[in-house]
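Single-structure report; data block below.
Here, each number is a calculation from the coordinates, and none is a lab measurement. Everything numeric here is computed off the predicted structure, so don't read it as measured data. Please note: Cβ atoms are built from the backbone with ideal geometry, for glycine as well, and neighbour counts cover all protein chains shown.
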Amino acid sequence: QVHLVESGEGLVQAGGSLRLSCAASGSIISINVMNWYRQAPGKQRELVASITRSGNTDYADSMKGRFTISRDNANNTVYLQMNSLTPEDTAVYYCRIGMGYVEVWGQGILVTVSS
């Protein structure tokens, strides 16, 4: 069984920055892709960013230039550096990992951006 522990939850003013972390532990063989998703109040969950094991990244258009995803393969950890935050970034952020046909989701952490 694989367990994800997310951290970095917080309240920040508009224009500020926050860094989220997600560490995987348990029966890990090889994590292929690591993602961050988010779900804002009253909206569907959306993909924020992805990173492959080799370090290739992809971002949702609204996050490009503001968010940076990175990972530490040795420690099975994925990060999300968020800059220039706006109130529209307020959401519960979830990390997800893919290992072959298996996917594991974190419980989600709340990011609140005040205006």
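Overview of results
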| item | result |
| --- | --- |
| Qualifying residue in segment 56-64 (condition: of a type in the set (K, R) and touching a residue at least 40 places away in the same chain (Cβ under 8 Å)) | no |
| Subset of segment 93-105 (residues that are among the β-branched types (V, I, T) and touching an Asp or Glu at 6+ places or on another chain (Cβ under 9 Å)) | I97 |
| Failed item in (1) under 29 Å from Q1 (Cα atoms); (2) of a type outside the set (S, T, N, Q); (3) touching a residue at least 24 places away in the same chain (Cβ under 8 Å), with P41 passing the rest | (1) |
